[in-house]
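Have a look at the structure below, then the notes.
The values are calculated or read from the model by the stated rules, or taken from the named source; none is laboratory data. Source: prediction; values computed, not measured. In this analysis, Cβ positions are derived from the backbone assuming ideal geometry, glycine residues included, and neighbour counts consider all displayed protein chains.
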Amino acid sequence: MTKTSRIPGFYKLSPEERLKIVAEFAGLTAEEVETLKKFGGLDEATANRMIENVVGAFQLPIGIAVNFLINGKDYLIPMVIEEPSVVAAASNAAKMAREGGGVFAQTTGSLMIGQIQILGVKDPYAARLEILRNKDEILEIANEKDPVLVKLGGGAKDLEARVIESKVGPMIIVHLIVDVKDAMGANAVNTMAEAVAPRIASIAGGRFRLRIISNLADKRLVRAWTRIPPEAVGGKEVAEGIVEAWAFADADPYRAATHNKGIMNGVDAVVIATGNDWRAVEAGAHAYAARTGKYKPLSTWELDEKGYLVGSLEMPLAVGIVGGATKTNPLARISLKILGVKSAQELAEVIGAVGLIQNLAALRALAAEGIQAGHMSLHAKNIAVMAGAVGDEIDEVAEKMVQEGCVRVDCAKEILERIRGEKSRK
């Protein structure tokens, strides 16, 4: 029988019924089916409400990064990530930063941008001014859509408009500026943008098309900074190496991409742990890195007049502690409780600090022993498991691979055979 992915009514089925179809289609074993049935901390009913066509839950480890001192307060940092060495590196670098008083961070607030696209306007520049002249009316229409947010002090606060040239001709792009308070804000902003679009189009004498939030949240920035004595990172030479590594990223977009990936190792891990939208955060971060027309690092590192290592980070960060998966997913709720944050702005400050510290960890490794030394020692455990090691064998095989400088599956299998052969002869 020919396989087909055309399955009418698939969305109406239960997760178990869907899984049965998938198992037959893909030839899954009974063991693989049972693995998919293990929902863990996210129960089946909750998962089935969160997204469509659920058949299981994909689980990643939750680790806790320690030693973080942010704005004078101690935090334990829950991080969800599959990559070895990230949590350990963050914990180690956070300990270094404590020598200089930890990390300090602040946000610019919780303003998000809703974009309304207006086309077919004969006199776009005059229409732009007319739109701005009617700002109060437009803001009132927007705020009628979310009286609860307005009551909390949020809501639509301002309006911006600009004319841009495009492949389909000139268009007016209106920015609705919304204070979303402790939410990430996508639902509130999109609802407001849709509400005001017809009136804006009427004022401009054109037609509207897109009405949606922008993930380049440059009115919702987080800034983090730290000042660390050089001996805390391994001495003057290592501190200079960190600055030289940053300068490479500042000069070359190929390096900047990897530099920023190191920052996002920390940022995304906390964003995921707290049930926030890591794709939106990633999109905003990289767009912000390229805002000058050249892709740049999100952080800077320099030495001050006393030789102290000074690092800073600035990036858009739209995260919330209410709404969405932050409340639906029980593991996200637990992560937020571990963090103990009281507002979305505090959460953003913590995440920004983690991003800066993760960056420090990566640059220090590059400037000192090389990135693979710590990474491969932890990755070796994964390789040992792939080779068939179990229990105490995992650590033993991993240790010997690192000692022999061969962290590969074939080496792991050879070492495992030696270990088992030695034990069988005893």
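Output the qualifying pairs, or none if there are none: Cβ atoms under 7 angstrom, residues six or more apart or on different chains, first residue in segment 192-220 and in contact (Cβ under 8 Å) with a residue 60 or more places away in the chain, second residue aromatic (Phe, Trp, Tyr).
So the pair list comes out as ALA197/PHE208; ILE200/PHE208; ALA201/PHE208; LEU216/TYR288; ASP218/TYR288.
When you go through (1) surrounded by 18 or more Cβ atoms within 10 Å (Cβ to Cβ); (2) in a helix (DSSP H, G or I); (3) not aromatic (Phe, Trp, Tyr) one by one for LEU159, which number turns out not to apply?
The one condition LEU159 does not meet is (2).
Looking only at segment 314-335, count how many residues are touching a Gly at 6+ places or on another chain (Cβ under 6 Å) and farther than 26 Å from VAL148 by Cβ.
Total satisfying the criteria: 1.
Restricting to segment 58-117, what's the tally of residues that are under 17 Å from GLY355 (Cβ atoms), crowded, with 19+ Cβ neighbours inside 10 Å and touching a Lys or Arg at 6+ places or on another chain (Cβ under 6 Å)?
2
Only one residue in ILE338, ILE334, ILE357 is among the hydrophobic types (A, V, I, L, M, F, W, C), buried (at least 19 other Cβ atoms within 10 Å of the Cβ) and modelled with pLDDT of 90 or more, so which one is that?
Details: ILE338 fails: buried (at least 19 other Cβ atoms within 10 Å of the Cβ); ILE334 fails: buried (at least 19 other Cβ atoms within 10 Å of the Cβ).
Going through ILE338, ILE334, ILE357 in turn, just one is among the hydrophobic types (A, V, I, L, M, F, W, C), buried (at least 19 other Cβ atoms within 10 Å of the Cβ) and modelled with pLDDT of 90 or more: ILE357.
Within segment 121-131, which residues are of a type in the set (Gly, Ala, Ser) and surrounded by fewer than 17 Cβ atoms within 10 Å (Cβ to Cβ)?
ALA126
Restricting the first residue to segment 259-270 and requiring it to be touching a residue at least 12 places away in the same chain (Cβ under 8 Å), which pairs with a second residue that is part of a helix (DSSP H, G or I) and acidic (Asp, Glu) meet a Cβ separation below 8 Å and a spacing of at least six or different chains?
Matching pairs, first to second residue: MET264/GLU282; ASP268/GLU282.
Out of all the residues in segment 163-186, is one or more on the phi > 0 side of the Ramachandran plot, under 26 Å from the mean Cα position of the chain (by Cα) and basic (Lys, Arg)? Step through it out loud before you land on a result.
If we filter segment 163-186 for residues that are on the phi > 0 side of the Ramachandran plot, which is where we start, we get 169, 181, 185.
Applying the additional criterion that residues be under 26 Å from the mean Cα position of the chain (by Cα) yields 181, 185.
In the following step, the residues that additionally are basic (Lys, Arg) were identified as 181.
Checked segment 163-186: at least one residue is on the phi > 0 side of the Ramachandran plot, under 26 Å from the mean Cα position of the chain (by Cα) and basic (Lys, Arg).
Mind listing whichever residues of segment 336-354 are without any contact (Cβ under 8 Å) to a residue 40 or more places away in the chain and either in a helix (DSSP H, G or I) or in contact with a Gly (Cβ under 8 Å, 6 or more places away or on another chain) (or both)?
LYS337, GLU346
Just one of the numbered conditions (1) among the acidic types (Asp, Glu); (2) closer than 21 Å to ARG279 by Cα; (3) free of Cβ contacts under 8 Å to residues at least 60 places away in the same chain is not true of ASP250; which one?
Condition not satisfied by ASP250: (2).
So which residues in segment 290-317 are in contact with a helix residue (DSSP H, G or I) (Cβ under 6 Å, 6 or more places away or on another chain), closer than 17 Å to LEU221 by Cα and of a type in the set (A, V, I, L, M)?
Residues satisfying the conditions are LEU298, LEU313, MET315, LEU317.
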